[in-house]
């Protein structure tokens, strides 16, 4: 379905939970997690601008623009507020949204993500953007899979890796590049003190895309945030280890029980 500017996959009943996906993927990534949580929560998996089935006008955009898309989508769904869970780029969008619209976020889960990629971010992400449009998508997969998953998981769960790879291959390369530029320009650190939602920060111990040091910056900057460092995992912690759905559930449940 389409709600406001974005395509949305919806399932379950209960308190609303919005899932925000990583760069160059889509809300389809979240199917296993959405299924696991839909017995207790109404889950909305969004396709961010230019990704999946969501439209894009071809113009540059920022992470704040993506967060504004989320707000307009919540409006279209008649949701004054919701819990947000974001992974990687989706987590960066969630940070921006929660920092600028704290009253709209009931609880927050930030997985393998960051508010800022460092002093060389613009240059590094410009190169990522260039490769997104000049290197055939299939040839980009080796780089991506190594960042996403531990070698052991990639070897023993080829069907799961293939599922994510197929989503990546279907992603619009120009939108991938535009989102990369947006990531390079992002610095949401000043927004962290404005976040009031109970927050769980999760990161794979072996995540070299958004390492534990970046997760600690988030947890230190958000009042009362909890930090979980997950042994043996790289960047796609919630995909590689489905049992982490229980950790997410416990966090969301605590917030629901206090409402």
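The values are calculated or read from the model by the stated rules, or taken from the named source; none is laboratory data. Everything quoted here is computed from the prediction, not taken from an experiment. Don't worry about glycine lacking a Cβ; one is built from the backbone with ideal geometry, like all the others, and counts go over all protein chains shown.
Here are the numbers:
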item: Flag if residue 183 is touching a residue at least 24 places away in the same chain (Cβ under 8 Å) and in contact with a strand residue (DSSP E or B) (Cβ under 8 Å, 6 or more places away or on another chain); result: no
item: Any hit, segment 62-85, residues being under 21 Å from residue 222 (Cα atoms), out of contact with any helix residue (DSSP H, G or I) (no Cβ under 6 Å at 6 or more places or on another chain) and crowded, with 24+ Cβ neighbours inside 10 Å; result: yes
item: Residue match in segment 230-253 (condition: out of contact with any helix residue (DSSP H, G or I) (no Cβ under 8 Å at 6 or more places or on another chain), over 15 Å from residue 88 (Cα atoms) and at pLDDT below 95); result: yes
item: Of the criteria (1) out of contact with any strand residue (DSSP E or B) (no Cβ under 8 Å at 6 or more places or on another chain); (2) under 25 Å from residue 103 (Cβ atoms), which one residue 207 fails; result: (2)
item: Complete set of residues in segment 107-121 that are surrounded by fewer than 23 Cβ atoms within 10 Å (Cβ to Cβ) and touching a residue at least 60 places away in the same chain (Cβ under 8 Å); result: 116, 117, 121
item: Selection status of residue 39, under 21 Å from residue 238 (Cα atoms), part of a loop (DSSP other than H, G, I, E, B) and without any contact (Cβ under 8 Å) to a residue 40 or more places away in the chain; result: yes
item: Residue within segment 28-36 that is closer than 22 Å to residue 96 by Cα, under 15 Å from the mean Cα position of the chain (by Cα), surrounded by 23 or more Cβ atoms within 10 Å (Cβ to Cβ) and at pLDDT 95 or above present; result: yes
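Conditions tested, residue by residue: (1) in contact (Cβ under 8 Å) with a residue 60 or more places away in the chain; (2) out of contact with any helix residue (DSSP H, G or I) (no Cβ under 9 Å at 6 or more places or on another chain); (3) within 17 Å of residue 22 (Cα to Cα); (4) surrounded by fewer than 19 Cβ atoms within 10 Å (Cβ to Cβ).
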| position | (1), (2), (3), (4) |
| --- | --- |
| 168 | yes, no, yes, no |
| 179 | yes, no, yes, no |
| 191 | yes, no, no, no |
| 195 | yes, no, no, no |
| 200 | yes, no, no, no |
| 207 | yes, no, yes, no |
| 211 | no, yes, yes, yes |
